[in-house]
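The values are calculated or read from the model by the stated rules, or taken from the named source; none is laboratory data. As the structure is a prediction and not an experimental result, all values here were calculated from the model. Cβ: placed from backbone, ideal geometry, glycine included. Neighbour counts: every protein chain shown.
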Amino acid sequence: MATDSVYPVSVEGELDPALGRWLWLVKWLLVIPHLIVLPFLWVAFVVLTIAALFAILFTGRYPRGIFDFNVGVLRWTWRVGYYSYSALATDRYPPFSLSSRDYPANLEVEYPERLSRGLVLIKWWLLAIPHYLVVSLLQGGPGEPGPGLVTLLALFGAVGMLFNGRYPRDIFELVLGFNRWTIRVAAYAALMTDEYPPFRLAP
């Protein structure tokens, strides 16, 4: 179980101090090119994660090339979400890149030298169930009547910016924390770490 030490999945975001008051209304249109690319990346992510499962099961190691690609998909997804309706916290258009870049949102996962062969069979479905329940509330899911809590909070932040000229800092910290929680769970479910995700919003 994780303690209060730094978790091996780092999810960071820097709030843009000069957000446009109206741009958030059309970001759903601006991110369409990313929304065309990302589904293909996520299909590859799932297929490669299954391949990694068997590699870990037989060798105890996550193939480095697959690991780097999957981290890149998570990173790309986080940047698009940060720009759009998972945060609305920057107006800098996200790069079409899997690698680390100079961008207000970033994600890194520490490469594990060894992983448990036994945990790989159960952590992604059984052990992660409590977190799946939390994430379904934060992000919404099948059968949910509307957007998840994260999107609602991001929209509240945007409305606050529309009327006050600034994104409320308290809302931003919640949005960042909830996204951090979600991405940690995604990395754990994708077998990238054996360290159980903490039930906290802080790094």
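Answer with yes or no whether TYR93 is touching a residue at least 24 places away in the same chain (Cβ under 8 Å), crowded, with 22+ Cβ neighbours inside 10 Å and among the hydroxyl-bearing types (Ser, Thr, Tyr).
Against the criterion (touching a residue at least 24 places away in the same chain (Cβ under 8 Å), crowded, with 22+ Cβ neighbours inside 10 Å and among the hydroxyl-bearing types (Ser, Thr, Tyr)), TYR93 does not qualify.
Among the numbered criteria (1) touching a residue at least 60 places away in the same chain (Cβ under 8 Å); (2) part of a helix (DSSP H, G or I); (3) crowded, with 19+ Cβ neighbours inside 10 Å, which single criterion is violated by VAL11?
(2)
Let me confirm something: among GLY160, GLY165, GLY177, which residue is more than 20 Å from ASN106 (Cβ to Cβ) and surrounded by 14 or more Cβ atoms within 10 Å (Cβ to Cβ)?
GLY160
Before we move on, is PHE54 crowded, with 18+ Cβ neighbours inside 10 Å and either at pLDDT below 95 or within 21 Å of TRP125 (Cβ to Cβ) (or both)?
In short, no.
Tell me which of these VAL37 doesn't satisfy, since it passes every other one: (1) surrounded by 11 or more Cβ atoms within 10 Å (Cβ to Cβ); (2) out of contact with any Asp or Glu (no Cβ under 9 Å at 6 or more places or on another chain); (3) at pLDDT below 95; (4) not acidic (Asp, Glu).
The one condition VAL37 does not meet is (3).
Limited to the range 56-80, what total is found for residues that are among the aliphatic types (A, V, I, L, M) and under 22 Å from TRP28 (Cα atoms)?
Residues meeting the conditions: 3.
Return yes or no: is SER86 surrounded by fewer than 20 Cβ atoms within 10 Å (Cβ to Cβ) and among the hydroxyl-bearing types (Ser, Thr, Tyr)?
no
Residues in the range 16-27: is at least one modelled with pLDDT of 95 or more, surrounded by 12 or more Cβ atoms within 10 Å (Cβ to Cβ), part of a helix (DSSP H, G or I) and within 19 Å of the chain's Cα centre (by Cα)?
yes
List pairs: first in the range 65-84 and of a type in the set (A, V, I, L, M, F, W, C), second surrounded by 20 or more Cβ atoms within 10 Å (Cβ to Cβ) and not in a helix (DSSP H, G or I), Cβ under 6 Å, 6+ apart or cross-chain?
Between residues of the range 65-84 that are of a type in the set (A, V, I, L, M, F, W, C) and residues that are surrounded by 20 or more Cβ atoms within 10 Å (Cβ to Cβ) and not in a helix (DSSP H, G or I), the close pairs are VAL71/VAL109; LEU74/LEU107; TRP78/ALA105; TRP78/LEU107; VAL80/PRO94.
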